[in-house]
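Engineer: Mind looking over this structure? Questions follow.
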Amino acid sequence: QVQLVESGGGLVQAGGSLRLSCAASGRSFSNYAMVWFRQAPGKEREFVASISWNDITYYADSVKGRFTISRDNAKNTVYLQMSSLKPEDTAIYYCAAKRWFGLPTPLSGSYDYWGQGTQVTVSS
């Protein structure tokens, strides 16, 4: 069983930066594909970024070049560095995990473990 706890959300002005963290409990964190999703009010949950067990990363087109996902296996933590934030980035951000040695999928239904979410609000 894996528990995920996100942190780092908050209120920021457009153009600003935030770094989200997702701390995982349990063993063998390095064997997990990790992903960030987000959900804005009235919208479906959408894929943001993923990182495989061997550090291959993928990004949604809407965040490419502005967001960076990374992981620190020694700390059982995955990060999402967000820069040049826009009001449309406002959402609850969730991290998710799946023990998986393939390439992560952008489909939320594929992930076994989820955090509680952290709110990111970008003001214009």
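Engineer: Which pairs turn up if I take residues in region 17-29 that are at pLDDT 95 or above and look for partners that are aliphatic (A, V, I, L, M) and not in a loop (DSSP other than H, G, I, E, B) with beta carbon separation below 6 Å, at least 6 apart in sequence or on another chain?
Structural biologist: LEU18/VAL12; LEU18/MET82; LEU20/LEU80; CYS22/LEU4; CYS22/VAL78; ALA23/VAL5; ALA24/LEU4
Engineer: Tell me which residues, restricted to region 99-123, are at pLDDT 95 or above and not aromatic (Phe, Trp, Tyr).
Structural biologist: GLY115, GLN116, GLY117, THR118, GLN119, VAL120, THR121, VAL122, SER123
Engineer: Further, regarding this structure: Six or more apart or on different chains, Cβ under 7 Å: which pairs go from a residue in region 95-124 that's open to solvent by less than 40 Å² (accessible area, probe 1.4 Å) to one that's among the basic types (Lys, Arg) and outside any strand (DSSP E or B)? Could you list them?
Structural biologist: Between residues of region 95-124 that are open to solvent by less than 40 Å² (accessible area, probe 1.4 Å) and residues that are among the basic types (Lys, Arg) and outside any strand (DSSP E or B), the close pairs are VAL122/LYS86.
Engineer: Can I ask one more? Hey, among ARG38, ARG99, which residue is among the charged types (D, E, K, R) and more than 12 Å from the chain's Cα centre (by Cα)? Talk me through it step by step, then tell me what you get.
Structural biologist: On the way: ARG38 fails: more than 12 Å from the chain's Cα centre (by Cα).
Sole residue among the options that is among the charged types (D, E, K, R) and more than 12 Å from the chain's Cα centre (by Cα): ARG99.
Engineer: Another question, if that's okay. What tally of residues in region 72-104 results from selecting those that are within 21 Å of ALA40 (Cβ to Cβ), out of contact with any Ser or Thr (no Cβ under 6 Å at 6 or more places or on another chain) and in a loop (DSSP other than H, G, I, E, B)?
Structural biologist: Looking only at that region, the number is 3.
The values are calculated or read from the model by the stated rules, or taken from the named source; none is laboratory data. This structure is a prediction, so every number in the text was calculated from the model and none was measured. With ideal geometry, Cβ positions are generated from the backbone for all residues, glycine too; neighbour counts draw on all protein chains shown. SASA here: full protein model, heavy atoms, side chains in, ligands and nucleic acids out. Shrake-Rupley method; radii C 1.70, N 1.55, O 1.52, S 1.80 Å.
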